[in-house]
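Asker: Just passing along the structure, written as structure tokens.
The values are calculated or read from the model by the stated rules, or taken from the named source; none is laboratory data. Treat the numbers as computed from the prediction; the structure is a model and nothing was measured. Cβ: placed from backbone, ideal geometry, glycine included. Neighbour counts: every protein chain shown.
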Amino acid sequence: MKNIISFIFLLPMYFCACESYLDQQPLDIPTTEADVFSKRQTVEKYLLGVYSFVPKYSQSSANGVEGEPWTAASDEGDQGAGHTVIQIVNGTWNPGNIPYDKWNYYWRGIREATYFMQNLYLCKELTNEYYTRYYNEARFLRAYYYFLLMRLYGPVPILPQEVPVDPNDDYFMTMYSRDTWNQCVQYVCDELDETIGGLRQDLVTNELGKPTPGTALAVKSQLLLYSASQLFNPRNNSLFTGWISKKTGEPLIPVTYDSEKWKKAADAAKAVIDYTYDGKVVYSLVEKYDDGVLNPYKSLYGIFHDKWTVETIFGRKLNEQTWYQRCLSRSLNNNCWAIVNPSQQLVDAYAMNNGIYPITGYSDATETAQGGEFPVFDPRVVPKSPNITNAKDANFEPSKYFERLSNQPFSARVGYYNNYTHPFDGRVRSIIKMWAEREPRFYVDIAFNAMDYPIGMAGDGHGTPTQWTTLNHIYNGSGGLPQASHSATGYCQRKTVSREVNPLTTGTNWDQPFVWQMIRLGEIYLNYAEALIEYSPNNPDIFVYWNRIRRRAGVPDIESVYPEVIGNQDLMRELIRHERQVELALENHRYFDTRRWQIAHRTNNGKIYGLNIMSNVGTMGIPIDENGDTFYKRTVSENGNRIFLQKHYLWPINQTELNCNRSIEQSPGW
């Protein structure tokens, strides 16, 4: 029983001790089927093993199969050289060398869940109640792992229910070819529906993190949204024409459009929104008030750092020093690595505090590459022809937004906002105008150069910090090159980082737990609005739920900022995608969204921008000369150009698997 032994033995690598089910550890090691299923205690330990394949998103961009590279693989982020995600973005991977290869990984999870379900009846110590609960938890996990496979690989084989599973067999799928996408979607949705009656909503403290009926509904919402999107439901230009099943000869992915799929996606999202337990609606947005006035900064921060919230549908509590080390600037501590780095493209996406997106596109963008060196500004934020050469004229009124482009001179008067109060931290500093007067989500999500960063802030992250440290990412700065641990873009991720963390100490001041929102209500609102835009573009619910997200974020309703959006389906589609990019930033959605929308060959291809981290001229204040602080110029990231080809829309199956299974269809183009 080597697999049972190794499975349970490896659990401590997946879980850490804190008060949620996914973070418990086994007490000892079972060795045979009889040992596993003879006692309730060992059954529960084995079930922990089935849970161990739930993604641990705090491993973002880390090496190894457990790593989650999705931020750095998309246009919202980058990271320093030396990590295997670089092989994905520069196109040097192939079926014999797949970074973060999830195929066998999630099939192992499916195998363990199936084996558990097939043998659970052997445990005579379980009451009917606990048999039902554990069986349906495993059934949910199996369906969830199928979904995770499908969002990477497209259609997959469906393991026949009646086939006995051997937990020692790593190649138990060698006789099966892929089922069609529609068959896979129907199977997973049916399985999720079947679990709803057997899962519990009223979880006690040490069960938090387990799936509930609401979780099953939410995964169904995610899957049906994917299934309705262009990649799997093409209006035109299907990428998969001619890709057929070896088993039936049918197209593995539909090549014709079905508008009803958007209705199914809308209905599934609304089912989550309306889901009730004990007569009450279960989920609501995290909203915090000061004297009756919504505080967007506390609200946005609370999504992750209030632990288990009214917005959490499926979460994972994490308590890891290494996650904070990956996010925090080396300016705070030499042991911080600044691995997860927001891109300039993501910074560009945030609105001004009046709700206007300052950048409407890039003049150097192409059909196959997003461009990004020369942004096009909304004239309501930046005049079309700012008289920069006369900026010293006493009558010149500088715009609220400014950045120095490659073909422009620089003026301190135009470029800086002196004595600007950081609206989240309350700290007064002079900053460049590109970062001033932005929407609240920007300040909660992004750590930028020369800001004062709070360390060890008391009062649940809203009190007085132990000290302030100024971030310095210029060349030879405390957090910049030539040190190996530096931000590749000049920015650091702040979202999901507790303000209570004190990297100058050890112990509890460093390890501040937070809940990673695997699925939260904010996402479901956006799922619902997006599906309605496609299926019922005049439905008033679009703006109802869209604006709930915006109001919580402290920005005006979308139609008050862009009144032309009303009745304009194309513009609604563009703006809801933009909203999703900002609201769900750095939560591992963007990579999959750009693929399902079939825009990744533009957004994730070509150049990714940051700031000029090679420059050592980056002081805040009056620049040395009219050339200005050269650090603050958008510059191609140090990792160079990215490559996203048509074949990258689906991941390849490892060649080892293909050698064992001649029936399986390789993903197109590989």
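Asker: Would it be correct to say that TRP546 is surrounded by fewer than 23 Cβ atoms within 10 Å (Cβ to Cβ), of a type in the set (Phe, Trp, Tyr), touching a residue at least 12 places away in the same chain (Cβ under 8 Å) and within 24 Å of PRO440 (Cα to Cα)?
Answerer: No: the conditions fail for TRP546.
Asker: Please enumerate the residues belonging to the stretch 69-122 that are of a type in the set (S, T, N, Q), without any contact (Cβ under 8 Å) to a residue 60 or more places away in the chain, assigned to a helix (DSSP H, G or I) and surrounded by fewer than 18 Cβ atoms within 10 Å (Cβ to Cβ). Walk me through it before giving the result.
Answerer: Just the residues of the stretch 69-122 that are of a type in the set (S, T, N, Q), to begin with: 71, 74, 79, 84, 87, 90, 92, 94, 97, 104, 114, 118-119.
Now drop any that are not without any contact (Cβ under 8 Å) to a residue 60 or more places away in the chain, which leaves 84, 87, 92, 97, 114, 118.
Restricting the remaining residues to those that are assigned to a helix (DSSP H, G or I) gives 87, 114, 118.
Correct list: GLN87, GLN118.
Asker: Identify, from the list LEU300, LEU294, LEU328, the residue that is farther than 30 Å from TYR176 by Cα, surrounded by fewer than 17 Cβ atoms within 10 Å (Cβ to Cβ) and among the hydrophobic types (A, V, I, L, M, F, W, C). Break it down stepwise before answering.
Answerer: Details: LEU300 fails: surrounded by fewer than 17 Cβ atoms within 10 Å (Cβ to Cβ); LEU328 fails: surrounded by fewer than 17 Cβ atoms within 10 Å (Cβ to Cβ).
The match here is LEU294.
Asker: Of the conditions (1) within 30 Å of ALA369 (Cα to Cα); (2) surrounded by 19 or more Cβ atoms within 10 Å (Cβ to Cβ); (3) among the acidic types (Asp, Glu), GLU500 satisfies every one except a single condition; which number is it?
Answerer: (1)
Asker: Here is a check on your reading of the model: is THR505 assigned to a loop (DSSP other than H, G, I, E, B) and modelled with pLDDT under 90?
Answerer: Yes: the conditions hold for THR505.
Asker: Right, here's the next one. Can you confirm whether the stretch 478-485 contains a residue that is modelled with pLDDT of 90 or more and on the phi > 0 side of the Ramachandran plot?
Answerer: Looking through the stretch 478-485, none of the residues is modelled with pLDDT of 90 or more and on the phi > 0 side of the Ramachandran plot.
Asker: So, one more: Given (1) closer than 20 Å to ASP445 by Cα; (2) within 19 Å of the chain's Cα centre (by Cα); (3) buried (at least 16 other Cβ atoms within 10 Å of the Cβ); (4) not basic (Lys, Arg), where does VAL555 come up short, assuming only one miss?
Answerer: Condition not satisfied by VAL555: (2).
Asker: Checking SER560 against (1) on the phi > 0 side of the Ramachandran plot; (2) surrounded by fewer than 21 Cβ atoms within 10 Å (Cβ to Cβ): exactly one of these is not met. Which one?
Answerer: Result: SER560 fails condition (1) only.
Yes or no, residue by residue, for (1) among the aromatic types (Phe, Trp, Tyr); (2) over 27 Å from ASP425 (Cβ atoms); (3) in contact with a His (Cβ under 6 Å, 6 or more places away or on another chain); (4) free of Cβ contacts under 8 Å to residues at least 24 places away in the same chain:
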{"site": "ASN472", "(1), (2), (3), (4)": "no, no, no, no"}
{"site": "SER487", "(1), (2), (3), (4)": "no, no, yes, no"}
{"site": "TYR491", "(1), (2), (3), (4)": "yes, no, no, no"}
{"site": "LYS495", "(1), (2), (3), (4)": "no, no, no, no"}
{"site": "VAL501", "(1), (2), (3), (4)": "no, no, no, no"}
{"site": "ILE524", "(1), (2), (3), (4)": "no, yes, no, no"}
{"site": "GLU534", "(1), (2), (3), (4)": "no, yes, no, no"}
{"site": "ASN538", "(1), (2), (3), (4)": "no, yes, no, no"}
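Asker: Give the residues of the stretch 436-463 that are assigned to a helix (DSSP H, G or I), modelled with pLDDT under 95 and not acidic (Asp, Glu), sorted by residue number. Steps first, please.
Answerer: Taking the stretch 436-463 first, the residues assigned to a helix (DSSP H, G or I) are 440-445, 458-461.
Those left that are additionally modelled with pLDDT under 95: 458-461.
Correct list: ALA458, GLY459, GLY461.
Asker: Same structure, new question: Within the stretch 140-192, count every residue that is more than 18 Å from LEU225 (Cβ to Cβ), among the charged types (D, E, K, R) and over 22 Å from the mean Cα position of the chain (by Cα).
Answerer: Residues that pass the stated criteria total 6.
Asker: Looking at (1) more than 28 Å from the chain's Cα centre (by Cα); (2) touching a residue at least 12 places away in the same chain (Cβ under 8 Å), which is the only condition THR464 fails?
Answerer: With respect to (1) more than 28 Å from the chain's Cα centre (by Cα); (2) touching a residue at least 12 places away in the same chain (Cβ under 8 Å), THR464 is out only on (2).
Asker: Same structure again: Would you confirm, using the coordinates I've provided, whether LYS263 is closer than 29 Å to TRP546 by Cβ, buried (at least 16 other Cβ atoms within 10 Å of the Cβ), modelled with pLDDT of 95 or more and not polar (S, T, N, Q)?
Answerer: For LYS263, the condition - closer than 29 Å to TRP546 by Cβ, buried (at least 16 other Cβ atoms within 10 Å of the Cβ), modelled with pLDDT of 95 or more and not polar (S, T, N, Q) - is met.
Asker: Here's something else I'd like to know. Which one is nearest to THR241 (Cα to Cα) among residues in the stretch 629-653 that are at pLDDT 95 or above and part of a loop (DSSP other than H, G, I, E, B)?
Answerer: Out of the qualifying residues, it is LEU650.
Asker: Taking the criterion of being of a type in the set (D, E, K, R) and either free of Cβ contacts under 8 Å to residues at least 12 places away in the same chain or closer than 18 Å to ALA529 by Cα (or both), would at least one residue in the stretch 222-244 satisfy it?
Answerer: Looking through the stretch 222-244, none of the residues is of a type in the set (D, E, K, R) and either free of Cβ contacts under 8 Å to residues at least 12 places away in the same chain or closer than 18 Å to ALA529 by Cα (or both).
Asker: Can you tell me which residues in the stretch 406-422 are surrounded by fewer than 19 Cβ atoms within 10 Å (Cβ to Cβ), under 23 Å from PRO375 (Cβ atoms) and either at pLDDT 90 or above or among the polar types (S, T, N, Q) (or both)?
Answerer: SER406, ASN407, GLN408, TYR420
Asker: A further question on this structure: What residue, among those in the stretch 569-608 that are part of a loop (DSSP other than H, G, I, E, B) and of a type in the set (D, E, K, R), is farthest from LEU224 (Cα to Cα)?
Answerer: Here the residue is LYS607.
Asker: Now a separate question. Determine whether VAL50 is in contact with a helix residue (DSSP H, G or I) (Cβ under 8 Å, 6 or more places away or on another chain) and either touching a residue at least 40 places away in the same chain (Cβ under 8 Å) or more than 29 Å from MET150 (Cβ to Cβ) (or both).
Answerer: yes
Asker: Restricting the first residue to the stretch 183-207 and requiring it to be acidic (Asp, Glu), which pairs with a second residue that is modelled with pLDDT under 95 meet a Cβ separation below 6 Å and a spacing of at least six or different chains?
Answerer: Pairs that qualify, where the first residue is acidic (Asp, Glu) and the partner is modelled with pLDDT under 95, are GLU207/TYR21.
Asker: What is the number of the single condition among (1) under 26 Å from GLU260 (Cβ atoms); (2) of a type outside the set (A, V, I, L, M); (3) in contact (Cβ under 8 Å) with a residue 40 or more places away in the chain; (4) not in a loop (DSSP other than H, G, I, E, B) that ASP179 does not meet?
Answerer: Of everything listed in (1) under 26 Å from GLU260 (Cβ atoms); (2) of a type outside the set (A, V, I, L, M); (3) in contact (Cβ under 8 Å) with a residue 40 or more places away in the chain; (4) not in a loop (DSSP other than H, G, I, E, B), ASP179 misses just condition (4).
Asker: Something else now. The conditions are (1) under 27 Å from the mean Cα position of the chain (by Cα); (2) small (Gly, Ala, Ser); (3) within 28 Å of ILE431 (Cα to Cα), and ALA529 fails exactly one of them. Which is it?
Answerer: (3)
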